[in-house]
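Just so you know, all these numbers are worked out from the coordinates, no wet-lab data involved. Owing to the predicted nature of the structure, the values given are computational and were not obtained by experimental measurement. Using ideal geometry, Cβ is built from the backbone for each residue, glycine included, and neighbour counts are taken over all protein chains shown.
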Amino acid sequence: MPEGDNLARTADGLRPHLLGRQVTAARARVPGPAISHIVGATVTEVLSIGKNLLIRFDNGLEVRTHLRMRGTWHRYRPGEPWRRAPGRASLVIEVPGAVAVAFDTPVVELLEQRAERLHAPLGGLGPDLLDPNVDLAAAKRRLREPSRAGRSIAEAITDQRAVAGLGNVYKSEILWLERVNPFATVADIDDETLDRLLDLGRRLLVANAARAGGRVTTAGPDARRRDPRAGGDSVWVCRRAGRPCRRCGTLIRAAQQGDLPRTTYWCPSCQVATGQAQQRL
């Protein structure tokens, strides 16, 4: 699933080709004919918030897309052949000199910008770790809400209502880097550790949002130099089940976790389980 850094790079890629240009044509499977309301409007913003990509217009409307597992945005020149079948296009926006196409995107919404705070998927988001002015203390307060005390830390930090931007890859990576067991409850995690997790997540997201190419978590948070322990790998534990931990040599484990099961990867020696976390394994 695309995470906050993917969406930031997508917005950065679309922005130069859409910003300040008038929409000449638009079509979408959903919201269907209503998308015609953006035709004739000028694009004023292209931005990402958490895992959402927003395109705003000067008539007060905006288009929200969420890529989920398989969605992706492409940009073409007018008349250029598409790299995917037209039937897979969820949304097409044409402006002078460019065609933006969202393929296989399950969430495409047209809404009024003034209603954004009342819109549950946007108004309910936690602090966005890619926001230059992100309030990490506010993110920690959301993680500390009583309703999350009994949730595993891996589930909590990927709950977009608590903190926006982190997904499955970052979940496993930052917990391994900070030696935190993914099955420990939020109540088991002290404030200092929560602060470190949030700060590291922010720094890795920012570094990878600015990086050309694939995501790398085995570099320093400024993403300039890769740790030699990682060899040629770009990640520490994600998708490395059954392979030796880069820190201690213990075999990496994997398990499904959460209400919407997502695979978590961890080292049972570096991220020792205690108490309730031990009982969950």
Revision key, fill the gap. Per the charge dipole of the chain (beta-carbon charges, Lys/Arg positive, Asp/Glu negative, Cα centre), the residue among Gly165, Ala102, Pro121 reaching farthest to the positive end is Ala102
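Can you give the extra length, in nm with one decimal, that the chain gains between Ser234 and Ala34 once fully stretched, where that is 0.36 nm per residue apart less the Cα-Cα distance? Could you put the intermediate results ahead of the total?
Details: separation 200, 0.36 × 200 = 72.00 nm, distance 4.26 nm.
Going from the current span to full extension adds 67.7 nm.
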Point to revise | For segment 136-280: span of alpha carbons on each principal axis (Å, largest first) | key: 41, 32, 28
Revision key, fill the gap. The extension gain from Thr24 to Glu80, computed as 0.36 nm times the residue separation minus the Cα-Cα distance, is 18.5 nm
Check your understanding: Separation of segment 237-257 and segment 83-122 by C-alpha centroid, Å?
Key -> 37 Å
Review point. For all pairs of alpha-carbon atoms in segment 34-94, what percent lies in each bin of width 5 Å, listed from the first bin to the last filled one?
Key: 4, 14, 25, 24, 22, 10, 1
Practice item. Mind pulling up the Rg/Rh value for segment 1-128? Radius of gyration and Kirkwood radius, both on Cα. Key: 0.93
Check your understanding: Dipole size in debye (nearest 20) for the chain around its Cα centre, Lys and Arg Cβ +1, Asp and Glu Cβ -1?
Key -> 960 debye
Review point. How far apart, in nm, are two points set 7 Å out from the Cα along the Cα-to-Cβ line at Asp58 and at Glu112?
Key: 2.1 nm
Check your understanding: Based on Cβ point charges of +1 for Lys and Arg and -1 for Asp and Glu, what charge dipole magnitude is obtained for segment 135-176 about its Cα centre, in debye rounded to the nearest 20?
Key -> 180 debye
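Between Ala241 and Arg179, what is 0.36 nm times their sequence separation minus the Cα-Cα distance? Round to one decimal in nm. Numbers along the way, then the final one.
Working: separation 62, 0.36 × 62 = 22.32 nm, distance 1.68 nm.
Length gained between Ala241 and Arg179: 20.6 nm.
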Check your understanding: Normalised by the residues of the chain, what does the relative contact order come to in percent, with Cα pairs under 8 Å and at least six apart?
Key -> 15 percent
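Quick one, can you get me the convex hull of the C-alpha atoms of the chain expressed as volume per residue in Å³?
On the way: hull volume 39.3 nm³, N = 281.
Hull volume over Cα atoms, normalised by residue count, gives 140 Å³.
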Point to revise | Inter-site label distance for Arg203 and Leu260 at 7 Å from Cα along Cβ, in nm | key: 3.0 nm
Check your understanding: Can you run phi through the Karplus equation (6.51, -1.76, 1.60; θ = phi - 60°) for segment 76-82 and list ³J(HN,Hα) in whole Hz, with x for Gly and Pro?
Key -> 10, 7, x, x, 6, x, 7
